[in-house]
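Here's the structure we're looking at; comments come further down.
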Amino acid sequence: MTDYRVTKGEVQEDQITAAMEKCTAQVPSSIYLGMALASMGLSLGLSLAKKSHSALFVGQWAAPFLLIGIYNKIVKLHGSDSSSSIPLAQ
């Protein structure tokens, strides 16, 4: 059976990804959590105001905010390019 796993240092990210990660890594992870909680609260408010379509639309923002926050945290801790020898800022 063929082994399709990627090993450390086998693949490198491009400069666009590195530039985006450098910018987004400056945003505290708590901001994404706050945005997720705010979207849930706004969704609740819209639901109480009998605006169900808007409530569902805004309520679905919570999951992407949390996923972006997780990605942001992973990049801060490990970086996306494990072959890089430059240490990440702590």
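Applying the criterion of being over 21 Å from the mean Cα position of the chain (by Cα) and in a loop (DSSP other than H, G, I, E, B) to the residues of the stretch 33-78, the residue that is surrounded by the most Cβ atoms within 10 Å (Cβ to Cβ) is K51.
When the stretch 1-17 is filtered for residues that are over 14 Å from Y71 (Cβ atoms) and either in a helix (DSSP H, G or I) or hydroxyl-bearing (S, T, Y) (or both), the ones remaining, listed by number, are T2, Y4, T7, Q15, I16.
Among what's in the stretch 13-32 and is surrounded by 13 or more Cβ atoms within 10 Å (Cβ to Cβ) and either under 13 Å from G79 (Cα atoms) or in contact with a Phe, Trp or Tyr (Cβ under 6 Å, 6 or more places away or on another chain) (or both), pick the residue that is modelled with the lowest pLDDT. Filtering the stretch 13-32 for residues that are surrounded by 13 or more Cβ atoms within 10 Å (Cβ to Cβ) and either under 13 Å from G79 (Cα atoms) or in contact with a Phe, Trp or Tyr (Cβ under 6 Å, 6 or more places away or on another chain) (or both), the one modelled with the lowest pLDDT comes out as E13.
The values are calculated or read from the model by the stated rules, or taken from the named source; none is laboratory data. Note that the structure is a prediction, hence the values are computed from the model and not measured. Cβ atoms come from the backbone with ideal geometry, glycine included; neighbour counts cover every protein chain shown.
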